[in-house]
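A short reminder: the numbers here are calculations on the coordinates, not readings from a lab. Given the structure is predicted, the values throughout are model-derived calculations rather than measurements. Every residue, glycine among them, receives a Cβ derived from its backbone with ideal geometry; neighbour counts consider all protein chains shown.
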Amino acid sequence: MISTVRAAGAGLLLLTCVAPLTAKSAAPADRYQLIKVIARDYVYDAPSTVVAGITTIQLINQGADIHHVSVQQLPAGKTVKDFFDATRNGGSAPAWSRSVGQTAIIPNGAEAFITFRMPPGRYILSCLIPASDGRSHVAKGMYQVITATASAAERSTRAPAAVKRPA
Ligand SMILES: [Cu+2]
């Protein structure tokens, strides 16, 4: 009797775990890419446009100071200027931006990685660490805006679906 209940419970658990993974693995957004980001004092060398998908950022610190990468997604209706106006005081990302994650803080010569799902949209990579003069690295220009665009495969599968959808 008890073992039957346990088996049913395990079955339910299996269903709830497997279903979301199956749905996501079928999505065309599961393209994978590596983005190399070079950190210097106080600037990033990184691409400005990428294709949406599962993304790993490889941060390499070639500066003398310590650095990291904090990734924020800009919501619709917010500009890059809005982001910097909000971060100018205090050096932290504004609450309205979607925090995707951040790498470890690393010294010169080290590297760090962060992996996340990157849907189409605008992202800001920034270093929120304060420098010795009290200003945050992002205030000194250490940021990169990246636009993630839908892949060609995604665009071609989305268009017919949108036409078929009833109003
Ligand atoms: Cu920095």
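The table for this structure:
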read-out: For segment 31-153: span of alpha carbons on each principal axis (Å, largest first); value: 47, 33, 18
read-out: Residues whose placed amide H lies under 5 Å from that of ALA131, excluding near-sequence neighbours; value: SER136, HIS137
read-out: Whole-Hz couplings from phi, Karplus 6.51/-1.76/1.60, listed for segment 99-105; x for Gly and Pro; value: 6, 8, x, 8, 7, 5, 8
read-out: 18 Å Cα-Cα reach of LYS36 towards aspartates and glutamates, excluding residues that sit fewer than 8 places from it in its own chain; value: ASP45, GLU111
read-out: Phi-based couplings in Hz for segment 118-123 (Karplus 6.51, -1.76, 1.60; Gly and Pro marked x); value: 10, x, x, x, 10, 10
read-out: Length-normalised contact order of segment 31-153 in % [C-alpha pairs under 8 Å, at least 6 apart]; value: 33
read-out: ³J(HN,Hα), Karplus 6.51/-1.76/1.60, whole Hz, each residue of segment 61-71, x for Gly, Pro; value: 8, 10, x, 7, 7, 7, 8, 8, 10, 9, 10
read-out: Mean Cβ count within 10 Å, highest first, over the residues of peptides 38-51, 60-73; value: 60-73, 38-51
